[in-house]
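First comes the structure, then the notes that go with it.
What follows is calculated from the coordinates using simple rules that are stated; it is not laboratory data. This one's a predicted model, so the numbers in the text were calculated from it and none came from an experiment. Don't worry about glycine lacking a Cβ; one is built from the backbone with ideal geometry, like all the others, and counts go over all protein chains shown.
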Amino acid sequence: MNENSGSEYLQSWKLSEVTDGGGIGSVEESKDARFAAGDFVTSFNWPWQTKAILDGKQLEKIDPQLVDGHLSHFLGAAGLTGLTSLLGIREKGHVSPGANQTMVVSGAAGACGSLAGQIGSLEGCSRVVGICGTDEKCSILVSEMGFDAAINYKKEDVAQRLHELCPAGVDVYFDNVGGDISDTVISQMNLNSHIILCGQISQYNKDVPYPPPLPPAIEEIRKVRNITRERFLVLNYVEKFAASTMQLCQWIKEGKLKAKETVVKGLENIGAAFQSMMSGGNIGKQIVLVSE
């Protein structure tokens, strides 16, 4: 929403132009031979409007059967969100089955975080701990998402709870938030451990480079313990999208990956839904249902 988005792959929203984001729609009419009326298509640059004329080059056809007809999963667990979680863990997490690794996830009840914790377990982590902002979210992470434990950072002492819940230290940190919470987690990470830089939501309104620099004392810990903290951009792994999407769909169908959604109905409510998501009002992927 800044005049300069700060990234080469994402353009800023412009005043008096239609806002866009990830979306799904059905084709009513097509002049592109790859699409026919009735096809379902998705795009990362879907305009926030009920009808649109779009360039076929920016669209991808999707098969509802892959997600048992639950189309919105292609925006979340079987879409870019799921790919970010899976490829982030595989490319930057260095998870080894049988290595008795502990993973911590911040923003753990959000779209990426809720999937990342589950995928960490599926990929071989022996313990997964989530950090989020309400007791309800903590409860859902443990009872529905298979997390071993969850910390409510608004009520609990995060450092103390991490000591209690991760007695062998932290080996993999899936970071969605940055800031004080991440500094606390990093201070308890082990030698040769790994940070997956998914997001830094606490830092987005500050004028800092990405990834934001760590405070000097935390950066010193990172260096001494040889903790990796490399920029991760899922769009750098497009060649792995097809196989990874099939893996996600298989896990969803088998019930191994639970896809949580917060659904708001009506395009007129999309602004409020966006604001709610940015302040933690959602559990899982925030979806706006435009029509049945």
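If the cut-off is 20 Å between C-alpha atoms, which aspartates and glutamates fall inside it for residue 57, apart from same-chain ones fewer than 8 positions away?
Excluding near neighbours in sequence, the set is 8, 20, 28, 29, 32, 39, 239.
Taking 8 Å as the Cα distance limit and 6 or more residues as the minimum spacing, I'd like the relative contact order of the stretch 96-234 as a percentage.
21 percent
Which value, in Å to one decimal place, does the Kirkwood hydrodynamic radius take for the stretch 96-234 when every pair of different Cα atoms is included?
It works out to 14.8 Å.
Going through the stretch 141-235, which GluC sites (Glu not before Pro) have at most 16 other Cβ atoms within 10 Å and a DSSP loop state?
Answer in residue order: 144, 156.
Between residue 191 and residue 265, what is 0.36 nm times their sequence separation minus the Cα-Cα distance? Round to one decimal in nm.
Additional length available on full extension: 21.9 nm.
Can you give the net charge of the other residues whose Cβ lies under 13 Å from the Cβ of residue 86, counting K and R as +1 and D and E as -1?
+2
Taking R0 as 25 Å, what's the FRET efficiency between residue 12 and residue 217 from their Cβ-Cβ distance, rounded to 0.05?
0.15
Which of the lysines could be linked to residue 223 by a straight reach, that is with a Cα gap under 27 Å, when you skip same-chain ones fewer than 8 residues away?
Partners found: 92, 206.
I'd like the per residue volume of the convex hull spanned by the Cα atoms of the stretch 132-197, given in cubic angstrom.
Each residue corresponds to 89 Å³ of Cα convex hull volume.
Largest first, please: the extent of the C-alpha atoms of the stretch 1-91 along each principal axis, to the nearest Å.
38, 37, 20
Counting trypsin sites (Lys or Arg not before Pro) as exposed when in a DSSP loop with at most 14 other beta carbons within 10 Å, what is the longest stretch of the chain free of them?
The reported range is 52-153.
In nm, what is the difference between 0.36 nm times the number of residues separating residue 55 and residue 144 and their Cα-Cα distance?
Net length gain for the segment: 28.1 nm.
Within the set of other residues whose C-beta is less than 13 Å from the C-beta of residue 181, count the net charge using Lys and Arg as +1 and Asp and Glu as -1.
-3
Calculate the tail of P(r) for the chain: the fraction of all Cα-Cα distances greater than 30 Å, expressed in %.
Here the long-distance tail beyond 30 Å is 32 percent of all Cα pairs in the chain.
Per 0.36 nm of contour for each residue apart, how much would the distance between residue 228 and residue 254 grow if the chain were fully extended, relative to their Cα-Cα spacing?
Between residue 228 and residue 254, full extension yields 6.1 nm more.
A 31 angstrom limit on the alpha carbon distance is what I want to check against. Which of 154/265; 31/256; 31/253 exceed it?
The pairs that break the limit, which is 31 Å between Cα atoms, are 31/256; 31/253.
Can you give the calculated 222 nm mean residue ellipticity of the chain, where each DSSP H run of n ≥ 4 adds -39,500 (n - 2.57) and the sum is split over every residue, rounded to the nearest 500 deg cm²/dmol?
Computed mean residue ellipticity for the chain: -8000 deg cm²/dmol.
Given a Förster distance of 41 Å, report the FRET efficiency between residue 157 and residue 236 from their Cβ-Cβ distance, rounded to the nearest 0.05.
0.65
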